[in-house]
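Student: Could you have a look at this structure, given as structure tokens, before my questions?
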Amino acid sequence: MILCCGEALIDMLPARTTDGADAFVPHPGGAVFNTAIALGRLGVRAGMLTGLSTDMFGTRLRAALDASHVDASLVVTSDRPSTLAFVQLTDGHAAYSFFDENSAGRMLTPEDMPRLPDEVSALYFGGISLATEPGAEAYAALLEREAAARAVMLDPNIRPGFVRDIDRYRARLDRMIGLADIVKVSDEDLNWILPQPLSLHEKVEVLLDRGPALVILTRGSAGATGYLSGGAEVHVPARRVPVVDTVGAGDTFNAGVLARLSDLGLLRKDRLAALPPEALREALIHGGRVAAVTVSRAGANPPWAEEL
């Protein structure tokens, strides 16, 4: 099972009332939640480790996990509020305003992290859950505890406005990158992590030197490139589709990559360390196919396997 560890929240997407007034409609979301949902719909055994509220939004999030066949047995439940993210769309691109104080997800502690069953073969971390404390330290502690035995993918998905203590955040990311087998970053993420005057390729090399077997760099319409620690590079172009919005695009790309690596029997630490370039190409292409469906419809609505 691939266990997705991080935020589950409610995206408040813009809409119009019947009389034309501005409004917001709640949709289950969150970067890590979106990846878990996409994995479940692709037919991969997936689970979610997060903090969920007992409020009406938390109930809705749990129901969405169940509907997409995501195991929620490791979810930590409390009566704290759910996180809300109000979304503003400009030409299909999303900007977010988060309401996260004292939330069920944010207030997780290292002591809340459950013992993982043997069926968990891989871990996925990412999103705002790596920036907001104390939950961020809880996920970092879980990674440190489990990384030696399980394959790990990390997508920082950095939102600079969400980072309160840049030095602590950078230090935590550095530790987590060093323990991950796969690190996926956008060009914007990479430039934030490494603000030095280096080329993107040089910055990828810096990340690889920290320990991952694979760094995946995404550049929107320019496609994605995978860089293996042995020196090989694989580039795949972006799929051209009509874009409704980009909500959840990167999250579902990650799910596609993980799903194909899992299907190929390669989502293991030893096999990722010697990943063949052709298998990487296949995984990146599959990630692009999954993301292309997501951006062609409103919100983070990943495809089911039969839709591909």
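Student: Say R0 is 30 Å: what FRET efficiency, to the nearest 0.05, do residue 22 and residue 274 get from their beta-carbon distance?
Tutor: For residue 22 and residue 274, the calculated efficiency is 0.05.
Student: Please list the three semi-axes, largest first and in whole Å, of the ellipsoid equivalent to the range 170-219, using sqrt of 5 times the eigenvalues of its alpha carbon gyration tensor. Intermediate values should be presented prior to the final figure.
Tutor: Values: eigenvalues 48, 28, 19 Å².
Over the Cα atoms of the range 170-219, the semi-axes work out to 16, 12, 10 Å.
Student: Something else about it: Could you tell me which trypsin sites (Lys or Arg not before Pro) in the range 36-144 are loop residues by DSSP with no more than 15 other beta carbons within 10 angstrom of their beta carbon? Show your work: numbers first, answer last.
Tutor: Details: sites: 41, 45, 60, 62, 106, 115; in loops: 45, 106, 115.
Sparse-neighbourhood loop trypsin sites (Lys or Arg not before Pro): 115.
Student: Also: As a test, work out the antiparallel percent of DSSP beta bridges whose residues both lie in the range 68-174, rounded to the nearest 5. Provide the component values of the computation, followed by the final result.
Tutor: Details: 7 of 12 bridges.
The antiparallel proportion sits near 60 percent.
Student: Could you give the DSSP H helices of the chain that reach 24 angstrom or more along their long axis (alpha carbon positions) and whose average Kyte-Doolittle hydropathy is no lower than 0.0?
Tutor: Counting only whole DSSP H runs, the qualifying helices are 277-295.
Student: Once you sort the root eigenvalues of the Cα gyration tensor of the chain as a ≥ b ≥ c, which label holds: rounded (a/c under 1.5), prolate (a/b larger than b/c) or oblate (the other case)? Don't jump to the answer; show the numbers that get you there.
Tutor: Working: a/c = 1.37, a/b = 1.20, b/c = 1.14.
The shape class here is rounded.
Student: Sort out the exposed loop GluC sites (Glu not before Pro) in the chain (DSSP loop, at most 15 other Cβ within 10 Å) and tell me the longest stretch that has none. It would help to have the intermediate numbers written out before the result.
Tutor: Numbers: sites that count: 101, 119.
By the stated rule (loop sites, at most 15 other Cβ atoms within 10 Å), 120-308.
Student: Right, something else. Distance from the Cα centre of the range 158-198 to that of the range 208-283, in angstrom?
Tutor: Centre-to-centre distance over Cα atoms comes out at 18 Å.
Student: Order these by the 10 Å Cβ neighbour count, fewest first: 269, 184.
Tutor: 269, 184
Bear in mind these aren't lab numbers, they're just calculated from the coordinates by the rules spelled out. This one's a predicted model, so the numbers in the text were calculated from it and none came from an experiment. Cβ coordinates were reconstructed from backbone atoms using ideal geometry, including for glycine residues, and neighbour counts include every protein chain displayed.
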